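Undergrad: Let me give you the structure first, and then I'll get to my questions.
The values are calculated or read from the model by the stated rules, or taken from the named source; none is laboratory data. Since this is a predicted model, take the numbers as computed values, not measurements. No Cβ is skipped: glycine too gets one built from the backbone with ideal geometry, and neighbour counts run over all protein chains shown. For the accessible areas, the whole protein counts, side chains as well, though only heavy atoms, and no ligand, DNA or RNA atoms are used. Shrake-Rupley method; radii C 1.70, N 1.55, O 1.52, S 1.80 Å.
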Amino acid sequence: MIHTPTIPAAAPRSVLVVEDSAVLRHLLSHSIRSDARLRLIDAVESAEEAIRLVPHLRPDVISMDVCLPGMDGLEATRRIMAQCPTPIVIVSDALDAQVSMNALRSGALAVIEKPRGLTSEAGRAAVSAITTQLYIMSQVPVIRRRLLDAGAHPPQAAPLVPWTVAPRILALAASTGGPRAFAQVLGALPADFPLPVVGGQHMGGPFMEGFAHWLDQQVPMPVALARHGEVLRRGHVYIAPGDRHLGVGTRGEAVLLDMPPVQGQRPSASVLFSSVARAYGRGALGVLMTGMGEDGAQGLGDMRRAGGYTMTEDRSTAVIHGMPGAAERAGATCISLPLPDIAPHIERLLSDSADPPEGVRPPGDRYHGT
């Protein structure tokens, strides 16, 4: 008799619940115990208790409420990520753009709304969505250095891949961990940046206006959601709305598309990059940053095949290396760099191009290595 070896099932991921509502704490605990993918290791009602337990329990993921007695969940997230980095999903009943951005800046990987009407079918579905999110995020490796600012990682002078065409547009895309990545890269570029910038971030539609407003406060260039048909201006950042794809037309205008999600995503990084490749060809500059899945790899490949210059975030700084890693495996990137090195590299590309775009300063200024 031939014996087929048994492949052991993956061990369930351990979860710590931090929730001050006894009803919701019980409901989340019951839902986690009923999910074969997860294992509840404790459920507490205060941030202080969570901070005390994390180093001992070492959970794979934490469900964190925001409004807690004493210390709030955002401060607890900051402390846990600094002392004992752990994937954290913020569960909040005051889910607006400001809460979402503050949660992501604190180091949380995802933000999800608390279920309403806990006994209703919609409430049960919302709790199920939370457990699924906990399972997904429990598999994300997090490390303390990802919370350090750019000053802790001095930019390196990475070798330039030969590229003598003047760039005409910069396109960026990201998913999980993206808001911080967008802020770091764009925050290191000047207010008079000589190219238009288009960006796609995987985030729910209701939060995109708040994300654009938050990013506008973080970076020197003006940031806004893209409007269909508007001409893209240099030194301005145009963000894809959360429920439509963003593309670029041949006249340099924003194009919003209602087509179905691509690889489960709308807006799609690949749709954005592919349209930039068609419209700008060798003058396209693309950057694919942190994110789960493979969105962006195909579009970045289109950009590179069209003669554009493509960059991916290195795994040493990416919260999740899924999207940039897929692009690297597909041969879609010219160079992979840690996040703090991306903006300096973009500026080197501008200064070293044979035919600098209008607005780039003459030799001796910042774009020429002073």
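Undergrad: Among Ile342, Ile346, which is the only one that is modelled with pLDDT of 90 or more, assigned to a helix (DSSP H, G or I) and under 16 Å from the mean Cα position of the chain (by Cα)?
TA: Details: Ile346 fails: under 16 Å from the mean Cα position of the chain (by Cα).
Unique residue meeting the criteria: Ile342.
Undergrad: Still on this structure, please answer the following. For segment 308-337, give me each residue that is in a helix (DSSP H, G or I), surrounded by fewer than 24 Cβ atoms within 10 Å (Cβ to Cβ) and touching a helix residue (DSSP H, G or I) at 6+ places or on another chain (Cβ under 6 Å).
TA: Step one: list which residues in segment 308-337 are in a helix (DSSP H, G or I), which gives 322-329.
This time we only want the ones that are surrounded by fewer than 24 Cβ atoms within 10 Å (Cβ to Cβ), so: 322, 325-326, 328-329.
Listed by number, the list holds a single entry, Ala326.
Undergrad: Then there is this: Name, by its number, the condition in (1) closer than 28 Å to Ala108 by Cβ; (2) at pLDDT below 95 that does not hold for Ser351.
TA: Exception for Ser351: condition (1).
Undergrad: How many of the residues in segment 25-36 are surrounded by fewer than 17 Cβ atoms within 10 Å (Cβ to Cβ) and touching a residue at least 24 places away in the same chain (Cβ under 8 Å)? Can you show your working first?
TA: First, pick out the residues of segment 25-36 that are surrounded by fewer than 17 Cβ atoms within 10 Å (Cβ to Cβ): 26, 30, 33-34, 36.
Still in the running and touching a residue at least 24 places away in the same chain (Cβ under 8 Å): 36.
Residues in segment 25-36 being surrounded by fewer than 17 Cβ atoms within 10 Å (Cβ to Cβ) and touching a residue at least 24 places away in the same chain (Cβ under 8 Å): 1 in total.
Residue-wise test of (1) free of Cβ contacts under 8 Å to residues at least 24 places away in the same chain; (2) part of a helix (DSSP H, G or I); (3) open to solvent by less than 40 Å² (accessible area, probe 1.4 Å).
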site	(1), (2), (3)
Ser14	no, no, yes
Asp20	no, no, no
Val23	no, yes, no
Leu40	no, no, yes
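Undergrad: Considering only segment 283-315, state which residues are hydroxyl-bearing (Ser, Thr, Tyr) and touching a residue at least 60 places away in the same chain (Cβ under 8 Å). Give the derivation first.
TA: First, the residues of segment 283-315 that are hydroxyl-bearing (Ser, Thr, Tyr): 290, 309-310, 312.
Correct list: Thr290, Tyr309.
Undergrad: Are any residues in segment 47-73 part of a loop (DSSP other than H, G, I, E, B) and either in contact with a strand residue (DSSP E or B) (Cβ under 7 Å, 6 or more places away or on another chain) or open to solvent by less than 60 Å² (accessible area, probe 1.4 Å) (or both), and if so, which ones?
TA: First pass over segment 47-73, keeping only residues part of a loop (DSSP other than H, G, I, E, B): 58-60, 66-72.
Within segment 47-73, Pro59, Asp60, Val66, Leu68, Met71 meet the criteria.
Undergrad: Let me ask something else. Take the conditions under 21 Å from the mean Cα position of the chain (by Cα) and assigned to a strand (DSSP E or B) and apply them to Val89. Does it pass?
TA: Working: under 21 Å from the mean Cα position of the chain (by Cα): yes; assigned to a strand (DSSP E or B): yes.
Answer is yes for this residue.
Undergrad: Taking into account only those residues within segment 216-274 that are among the acidic types (Asp, Glu) and modelled with pLDDT under 95, which is most open to solvent (accessible area, probe 1.4 Å)?
TA: So the first thing to find is which residues in segment 216-274 are among the acidic types (Asp, Glu), and the list is 216, 230, 243, 253, 258.
Applying the additional criterion that residues be modelled with pLDDT under 95 yields 216, 243, 258.
Working: Asp216: 61, Asp243: 87, Asp258: 110 Å².
In this case the residue turns out to be Asp258.
Undergrad: Does segment 297-307 contain at least one residue that is farther than 24 Å from Ala188 by Cβ, open to solvent by less than 30 Å² (accessible area, probe 1.4 Å) and at pLDDT below 95?
TA: yes
Undergrad: Next question, about the same structure. Exactly one condition in (1) in contact with a Ser or Thr (Cβ under 9 Å, 6 or more places away or on another chain); (2) at pLDDT 95 or above is false for Arg37; which is it?
TA: Tallying (1) in contact with a Ser or Thr (Cβ under 9 Å, 6 or more places away or on another chain); (2) at pLDDT 95 or above, Arg37 fails exactly one: (2).
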